[in-house]
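Trainee: Have a look at this one before I ask anything.
The values are calculated or read from the model by the stated rules, or taken from the named source; none is laboratory data. Given the structure is predicted, the values throughout are model-derived calculations rather than measurements. Ideal geometry is used to build each Cβ from the backbone, glycine not excepted, and the neighbour counts take in all protein chains shown. Surface accessibility is based on the protein's heavy atoms, side chains included, excluding ligands, DNA and RNA. Shrake-Rupley method; radii C 1.70, N 1.55, O 1.52, S 1.80 Å.
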Amino acid sequence: MSDPATPSNRNSESRRRPWIWTGLIGLVIVAAVLAAVVLRPQDGSFSGATEADPPNLAEVVITDLTQEETFNGKLESIRGSGTLIPVSQIDLNFPYPGTVAELLVQVGQKVKAGDVLARINSVAALNAVTTAELQLAQAAMQTDATTTQSGTSFDEISVAQEQINLNVAQQALDNLANWEPDADDIALLEANVAAAEAVYDAALGQKAAGSNYIAVSNINVAQAERQLANAQAAYDTAFEPAREWELWFDEPTCYPHEGDSIPCTGPAFSERMANEREGATVSLQYAQENLRIAQLNYNASVANSSNSGSASAESQLLSAEQALATALAGPTHAQIAAAETAVQQAELYLQQAQLNQEAQELGLALAELNLAVAQDSLAGATIIAPMDGTVMSIHGHLGGQVGTAPFITLADLSQPTLEIFLDETNLDKVAVGSAVEVLFSALPTEFFTGTVVQVDPQLIDSDGLSFVRALAQLDSSHNQTLPAGLNADVNVVGLSNRIVRVILPLDDEGLLAVGDPVTVELPDLSEVSGTVVFVPQAPTPSNYGPPVFEVLVEIDDPAAAAGLAELSDETSVDVIFIVDAVDDVMAIPVSALVALLEGGYAVEVDTAIGAPRLVAVEVGFFGSNNMIAVTSDALQPGDQVLVP
C-alpha cells in the first residue's frame, strides 16, 4: 500500500472533467422538462395545465447545491502481515580461531543455561597466554618494585624525580622570599666595578694613540698613490705605440758631446728602448706594491684603534655596575612570580607522576586479569549456553576450523512472539493490549490468538512506504513449538477497527484526497459519515483488469463504527462523496422548468389571482437532489412556481 496522499482543500471547482458534468446536466434538464411540460412560446399562449387540475407548487429558495458520486466499497478489519520471531536470540562464538574438538548439540536441540555446547583446541590461545605473561611482566616493572633487580620501579623513579624538582623549585622561591644583602658579595661586586672602570680608562687612552697612527698611515698611502701615478706615466710613455719603431732601429744613440763630425757611440736605439721599458715595468710593479703595503698599514691601524676595545670595556663596566645594583636591590617581583610559577609547575608534574603511578597499578591489575582470561581460554575454549533456548544454527562441524565469527545461534522460543507490520493509517487502531487473530500460511487450518505487547513509537520505512511495527505474544493454548520465521496474516480485533476500502478506476485519479468527508450507506440504507484517510500515490495492479486506486475511508463516529462489528468483512457498502458544490444560490426543482419553443427555459410563477406568469430563467448548477440553480430579474426567493 502506498503512502497516504496529502490532504487537499476542497473548493467550488469540480474534480471531475467539466464537459462530462455539463452534458449530464443538459440531459437531465431536457428529460425532466420533456416529462413535465409541453413546449410553448415565450408569451405563455399555451399552458399544459387545465383549470380543473389543482396546481402543484414549489417555493423558490436560496440554498447550497452539491453534485455527488457513488462508488462501491467493502468493509474490512485492520489487517497486517507478521513474522514469528524469537523472544530473544544470541550469537555465540569462540574467542580464538581453532579446531572444533567437541560439538555437543545439533540444530533444533533444546538446551539449558550453563550447558556446554562446543569446545575447540587453539594454538592461538597458547600465544595469547604468552603475550599476556609478557604484558604482565612489563606492567609489573612499571609499577611493582619487587619484580625488578634494582628494587625500584619506573613509576617510583618518576615520582622521586618530580619530588626533587619540586624541592629545588621551592628552595629557590624561599631564597628569593627571604633575601638579605651579603656584605662580602657587595664588596666583591664593588671591586669588580672599580676594575672595570680602570680597564675602560685604559681602553680610552689606547683609542687616542691609535688615532695618531692612523693619520701617519694615511699620509703614507697618499705618497704611495703619487709614486704609483708617476710610475704609471713613465710606463705609458715607454710603451707608447708611436715609439715602436725604436725597437727595430739598431743605430747607436749620441751622447751630448757627439754628433755632426763625431761619430755616435751610445747604445742602439733598440737596446735603449728595451731597457727603458724594462725599467718602467719594474718601477710600476714596485709602486703598486708600495701602495698595497701602505693601504694594509692604514687598515691595520684603523682596526687596532677601533671602538671594539673601548666598547667591550664599557660593556664590562656596565655589567659590573648592574650586578652591583641588583645585589643591592634584591629580587624583583617578576623573579618571585617566576619562582612561584616554577613551584606550581613542579607540583603539577609531581601530581601527574603520581596519577601515572596509579594508572599503571590499574594496568597491572588489568594485565593480571587478561592473563587469567587467557589461561582459562588455553585450558579449553568453550561455548556455554547463557540461557535456556533452542539451537537455531551451527556454522561448522566437528574437526573443522573455526574463527571468531558466530558459531552457534541460540534463541528463546518458549513464548511465541509475532512481529506485525500495519499500514501507517492504522497507527491509532492498535495499542498495547489489543487482541489479534493470526493465521499462519504454513498452518492454514489452525487459528491462533494473541495480545499486542509493544507498539513502536516510530514508523518503519521500507521501499518508500511507512508501516507501524508492533509485537504480539501468542496465547499458549497450542501445545507446540512454532519455528521462527513463519509468515502470518494478522487481524487486529476491535469493535471500532472497521474501515471501508473503495476501488477507484484509473480515470478517477485525483477525485478524492486525504481528509475529504464522505457518506457511507450501509446495506440497511442507513448512513454514517466518514473521512478519507489514505489515497495511494500510485495505482495498485489488479488480477482482474487495469490497475486501480485503493482508497481507505474511516468511520468518523467510534460508536457508529462499533455498530458495524456484526457485519462481516467484504460486506458491500456505497460510498458517497461530493465532487462539486455551490453555496447560496437561488434554486428550484428541475421539473419546474419549461422549455421554450424559441430556445431557453422559463418557469410558471403562481400569481394567486389568475393565470400563472411565465418567467424566463437562466439555468446553472444542477444538484444531486434534483434542484437546479436559476437566475432571473423577475424571480425572487419565496416565489411559488408550478411543478408538474
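Trainee: Restricting to the stretch 110-146, count the residues that are open to solvent by 70 Å² or more (accessible area, probe 1.4 Å), polar (S, T, N, Q) and touching a strand residue (DSSP E or B) at 6+ places or on another chain (Cβ under 9 Å).
Mentor: 1
Trainee: Same structure again: What are the pairs, 6+ residues apart or on separate chains, where a residue within the stretch 359-373 that is among the small types (Gly, Ala, Ser) has its Cβ under 8 Å from a residue that is surrounded by fewer than 18 Cβ atoms within 10 Å (Cβ to Cβ) and in a helix (DSSP H, G or I)?
Mentor: Taking only residues 6 or more apart or on different chains, the pairs are ALA367/GLN138.
Trainee: Kindly indicate whether LEU173 is open to solvent by less than 60 Å² (accessible area, probe 1.4 Å), under 30 Å from LEU328 (Cα atoms) and under 60 Å from the mean Cα position of the chain (by Cα).
Mentor: Considered against the rule, which asks whether it is open to solvent by less than 60 Å² (accessible area, probe 1.4 Å), under 30 Å from LEU328 (Cα atoms) and under 60 Å from the mean Cα position of the chain (by Cα), LEU173 comes out as yes.
Trainee: Do any residues in the stretch 543-557 that are surrounded by 20 or more Cβ atoms within 10 Å (Cβ to Cβ) have Cβ atoms under 7 Å from those of residues that are part of a strand (DSSP E or B) and among the aromatic types (Phe, Trp, Tyr), where the two are at least six apart or on different chains, and which pairs are they?
Mentor: Taking only residues 6 or more apart or on different chains, the pairs are VAL551/PHE534; LEU552/PHE534.
Trainee: Specify the residue that is surrounded by the fewest Cβ atoms within 10 Å (Cβ to Cβ); the eligible residues are those in the stretch 43-64 that are hydrophobic (A, V, I, L, M, F, W, C) and either modelled with pLDDT of 90 or more or touching a Ser or Thr at 6+ places or on another chain (Cβ under 6 Å) (or both).
Mentor: Residue satisfying both the conditions and the ranking: ILE62.
Trainee: In the stretch 469-485, what count of residues is obtained for those that are at pLDDT 75 or above and in a loop (DSSP other than H, G, I, E, B)?
Mentor: Count: 5.
Trainee: If GLN149 satisfies every condition in (1) surrounded by fewer than 18 Cβ atoms within 10 Å (Cβ to Cβ); (2) at pLDDT 85 or above; (3) assigned to a loop (DSSP other than H, G, I, E, B) but one, which is the exception?
Mentor: Here GLN149 meets the rest and fails (2).
Trainee: So which of GLU246, GLU240 ends up being touching a residue at least 12 places away in the same chain (Cβ under 8 Å) and among the acidic types (Asp, Glu)?
Mentor: GLU246
Trainee: In addition: Which numbered condition trips up THR83, out of (1) farther than 30 Å from ILE499 by Cα; (2) of a type in the set (Val, Ile, Thr); (3) modelled with pLDDT of 80 or more?
Mentor: Going through the list (1) farther than 30 Å from ILE499 by Cα; (2) of a type in the set (Val, Ile, Thr); (3) modelled with pLDDT of 80 or more, THR83 breaks only (1).
Trainee: Would you tally the residues in the stretch 259-273 being in a helix (DSSP H, G or I) and farther than 9 Å from GLU246 by Cα?
Mentor: So the count comes out to 0.
Trainee: Under 6 Å between Cβ atoms, at least 6 apart or on separate chains: pull out the pairs that start in the stretch 92-104 with a residue that is within 15 Å of ASN127 (Cβ to Cβ) and assigned to a loop (DSSP other than H, G, I, E, B) and end on any residue that is open to solvent by less than 50 Å² (accessible area, probe 1.4 Å) and hydroxyl-bearing (Ser, Thr, Tyr).
Mentor: PRO95/SER377; TYR96/SER122
Trainee: Counting just the residues of the stretch 176-202 that are under 21 Å from ALA346 (Cβ atoms) and among the hydrophobic types (A, V, I, L, M, F, W, C), which one comes out most open to solvent (accessible area, probe 1.4 Å)?
Mentor: That would be TRP179.
Trainee: Right, LEU495: open to solvent by 50 Å² or more (accessible area, probe 1.4 Å), modelled with pLDDT under 85 and either within 41 Å of the chain's Cα centre (by Cα) or not β-branched (Val, Ile, Thr) (or both) or not?
Mentor: Here the answer is yes, as LEU495 does meet what is asked.
Trainee: Still on this structure: For the stretch 458-475, give me each residue that is over 24 Å from the mean Cα position of the chain (by Cα) and open to solvent by 60 Å² or more (accessible area, probe 1.4 Å).
Mentor: Within the stretch 458-475, GLN473, ASP475 meet the criteria.
Trainee: Name every residue in the stretch 561-573 that is outside any loop (DSSP other than H, G, I, E, B) and at pLDDT below 75, in order of residue number.
Mentor: ALA561, ALA562
Trainee: Go through (1) of a type in the set (Asp, Glu); (2) open to solvent by less than 10 Å² (accessible area, probe 1.4 Å); (3) within 30 Å of ALA634 (Cα to Cα) one by one and return the number of the condition ASP583 breaks.
Mentor: That leaves (2) as the condition not met.
Trainee: A further question follows. Condition first: in contact with a strand residue (DSSP E or B) (Cβ under 9 Å, 6 or more places away or on another chain), of a type in the set (D, E, K, R), outside any strand (DSSP E or B) and closer than 30 Å to ASP463 by Cβ. Can you find one or more residues in the stretch 510-525 that meet it?
Mentor: Checked against the condition, which is being in contact with a strand residue (DSSP E or B) (Cβ under 9 Å, 6 or more places away or on another chain), of a type in the set (D, E, K, R), outside any strand (DSSP E or B) and closer than 30 Å to ASP463 by Cβ, the stretch 510-525 yields at least one hit.
Trainee: Still on this structure, please answer the following. Residues GLU156, GLU162: which one is open to solvent by less than 90 Å² (accessible area, probe 1.4 Å), more than 27 Å from PRO331 (Cβ to Cβ), touching a residue at least 60 places away in the same chain (Cβ under 8 Å) and acidic (Asp, Glu)?
Mentor: GLU156
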